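One structure below.
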Amino acid sequence: MGEGRAALKTTVVAFGRGSSPFSEAEVHYVKLLSRRQPVEVIAVKDDAELLRRIPAGGDLIALDRGGRRLDSLAWSRWLDERRLAARDLCFAIGGPQGLPAEVLEDSRERLSLGPQTMAHQLARVVLLEQLFRAVKILAGEPYHC
């Protein structure tokens, strides 16, 4: 599957700065991803800054608990399709009040990390881990489901 496809630029725009122990896990996954799927994490303090920091172009993906749920293999297929389309990705993760309506309206699609509510710092780590797992699957490397 898609190992030879070019990596696309991936941005995660999320509320708050990561705090321990989340920040260590975030740095860990960003480093692991950097070899095959470069990712930039941008921390914002409010809705206005979140809206300003979403990069122009590419596909905006809202992380929303009501969005489509993907297992690990589905994440890898989803990512491979985006690589084929050669579109940059921007994932938006909201704060305690969720994402602003403008982000939900402007997003190309909504994905869910599960039905439970989780801290935005944890959501960042879970997203990065799922992207890393998808990259490993696409590279044909061992992974654990």
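Descriptive notes on the structure:
- When ARG69, ARG82 are checked against the criterion of being touching a residue at least 40 places away in the same chain (Cβ under 8 Å) and in contact with a Gly (Cβ under 8 Å, 6 or more places away or on another chain), ARG69 stands alone in meeting it.
- Applying the criterion of being of a type outside the set (S, T, N, Q), closer than 14 Å to VAL13 by Cβ and buried (at least 16 other Cβ atoms within 10 Å of the Cβ) to the residues of segment 105-123, the residue that is modelled with the lowest pLDDT is HIS120.
- Here ASP64 clears all of (1) within 15 Å of the chain's Cα centre (by Cα); (2) touching a residue at least 60 places away in the same chain (Cβ under 8 Å) except the condition numbered (2).
- Among (1) loosely packed, with under 13 Cβ neighbours inside 10 Å; (2) not in a helix (DSSP H, G or I) - the single one LYS31 does not satisfy: (2)
- One residue stands out in segment 34-50 among those that are surrounded by fewer than 16 Cβ atoms within 10 Å (Cβ to Cβ) and in a helix (DSSP H, G or I): the one that is farthest from the chain's Cα centre (by Cα), namely ALA48.
- Output for segment 88-115, where each listed residue is outside any helix (DSSP H, G or I), farther than 19 Å from ILE42 by Cα and either in contact (Cβ under 8 Å) with a residue 60 or more places away in the chain or over 13 Å from the mean Cα position of the chain (by Cα) (or both): ARG108, GLY114, PRO115
The values are calculated or read from the model by the stated rules, or taken from the named source; none is laboratory data. Small disclaimer: the values here were computed from a predicted structure and weren't measured. Virtual Cβ from ideal backbone geometry, glycine too; neighbours counted across all protein chains shown.
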